[in-house]
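Read through the structure below, which is laid out as structure tokens, and then see the notes.
The values are calculated or read from the model by the stated rules, or taken from the named source; none is laboratory data. Since this is a predicted model, take the numbers as computed values, not measurements. With ideal geometry, Cβ positions are generated from the backbone for all residues, glycine too; neighbour counts draw on all protein chains shown.
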């Protein structure tokens, strides 16, 4: 049985994980028979957004605590996770990837990644294990690996974000919402999801394909754990 870590960034598209993307990822992995563990940084969110007014509330919330809402309480601090424990890692999108897992929303192509997330991603690559990234989260892979093997990723077709990815030393490939890009050399799989999607069903199609490709890469690397 493949063991896959899913890195969450809170709960809610504007300040955390995009909930549809996170749940569709968990569902696709479960249907495929993978064992899933959710992870998140144990720190304060960048800010909290009222998802009705789309304005900051001034509250303070913890990324791990909020992510636990999606994980139904079964979650661990990403800083405690080790690459040896997983066969693959997947990062759903949402603004939390750009605000809590990194500071991309504030600094663009000069961003930095949360230290626990960065270490896990770099160790996964060191061991040659697959990484999937959805929606905006491929910018983290551009920052973590750009200029070192020029990883190929997609966020769909958004020109400004694509330019930032290229500036960080990765290669951006345009991709339709219902498809994915696989970089076999770097074992990276990415899909646009809500960077392009106008419905949850469009999002589901690309995410299901991404999950299946990540699982294929696991099997190609070595037999899955049992």
Filter the stretch 12-45 for residues that are free of Cβ contacts under 8 Å to residues at least 60 places away in the same chain and part of a loop (DSSP other than H, G, I, E, B); which is surrounded by the most Cβ atoms within 10 Å (Cβ to Cβ)? 45
Could you tell me whether any residue of the stretch 56-74 is buried (at least 18 other Cβ atoms within 10 Å of the Cβ), on the phi > 0 side of the Ramachandran plot and in contact with a strand residue (DSSP E or B) (Cβ under 8 Å, 6 or more places away or on another chain)? no
Yes/no for residue 128 being crowded, with 16+ Cβ neighbours inside 10 Å, in a loop (DSSP other than H, G, I, E, B) and either out of contact with any helix residue (DSSP H, G or I) (no Cβ under 6 Å at 6 or more places or on another chain) or at pLDDT below 95 (or both): no
Out of (1) touching a helix residue (DSSP H, G or I) at 6+ places or on another chain (Cβ under 9 Å); (2) within 29 Å of residue 43 (Cα to Cα), what's the single condition that is false for residue 162? (1)
Flagged in the stretch 172-195 as within 11 Å of residue 135 (Cα to Cα) and either in contact (Cβ under 8 Å) with a residue 60 or more places away in the chain or surrounded by fewer than 24 Cβ atoms within 10 Å (Cβ to Cβ) (or both), in numbering order, are 177, 193, 194, 195
Any chance the stretch 206-226 includes a residue that's on the phi > 0 side of the Ramachandran plot and in contact with a helix residue (DSSP H, G or I) (Cβ under 7 Å, 6 or more places away or on another chain)? no
Tell me yes or no: at least one residue of the stretch 183-196 is modelled with pLDDT under 95, within 24 Å of residue 14 (Cβ to Cβ), in a loop (DSSP other than H, G, I, E, B) and over 15 Å from the mean Cα position of the chain (by Cα). no
Tally, over the stretch 84-104, of residues that are surrounded by fewer than 18 Cβ atoms within 10 Å (Cβ to Cβ) and assigned to a helix (DSSP H, G or I): 2
Residue within the stretch 112-125 that is more than 20 Å from residue 17 (Cβ to Cβ), modelled with pLDDT of 95 or more, assigned to a strand (DSSP E or B) and in contact with a strand residue (DSSP E or B) (Cβ under 9 Å, 6 or more places away or on another chain) present: no
